[in-house]
């Protein structure tokens, strides 16, 4: 469960600061759910100081070698479906994140892998799934 600390609303997107209530980790996440086709629900209902069950994806790429920019991720489940998109469930420390399975093309999945990410994206809040994960032309599948 995550508590919303702050929401920075932009014209069409939001940046949301969350704190994981189980681990104490703070995540600064990107939310562009309101820019997706209007037939999908979005995360506009989120409010500061409220608690939600959130799934966060990492936006980046796997690297064959550890560098100063990579983070070691532990693969928990290589085949998790969120909507119509396949993700790899990973752990960083005590926190769970999701990586698009498409990012692993050309890599042999191992228990520990190096991942270089530049952003964290909100992909599910409670039972609402981001429209990009429901749309069959999702760019990362």
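FYI, it's all coordinate maths here, none of it is from the lab. Not measured: the values here are computed from a predicted model. Counting neighbours? That spans all protein chains shown, and the Cβs are built from the backbone with ideal geometry, glycine included.
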The exposure ranking of 1, 46, fewest beta-carbon neighbours within 10 Å first, is 1, 46
Just need log10 I(q)/I(0) for segment 53-93 at q = 0.19 Å⁻¹, Debye formula, equal scatterers on the alpha-carbon atoms, no solvent, rounded to two decimals.
-0.66
Gain in length, residue 59 to residue 35, computed as 0.36 nm per residue apart minus the alpha-carbon separation, to one decimal in nm?
6.9 nm
I need 103, 8 ordered by Cβ neighbour count within 10 Å, fewest first.
8, 103
Just to verify a number: FRET efficiency for residue 67 and residue 110, C-beta to C-beta distance, R0 = 22 Å, to 0.05?
0.85
Summing -39500 (n - 2.57) over every DSSP H run of at least 4 in the chain, dividing by its residue total and rounding to the nearest 500, the 222 nm mean residue ellipticity is -500 deg cm²/dmol
Using Cβ contacts closer than 10 Å as the measure, can you line up 77, 31 from fewest to most?
77, 31
With the chain treated as a Gaussian network of Cα nodes joined by springs under 10 Å, which of 15, 62, 107 yields the largest mean-square fluctuation?
107
Can you list the residues of segment 1-16 with backbone N under 17 Å from a point 7 Å past the Cα of residue 22, pointing along Cα to Cβ?
1-4
Could you tell me the calculated FRET efficiency between residue 12 and residue 95, based on Cβ-Cβ distance and R0 = 35 angstrom, to the nearest 0.05?
0.80
Name the residue, out of 68, 120, 84, whose mean-square fluctuation peaks in a Gaussian network model built on the chain with Cα pairs under 10 Å.
68
Top mean-square fluctuation among 101, 81, 12, Gaussian network model of the chain, C-alpha springs under 10 Å?
12
Bridge orientation stat for the chain from DSSP, antiparallel percent rounded to 5, came to 95
What's the long-distance tail for segment 39-141, i.e. % of Cα pairs beyond 16 Å?
57
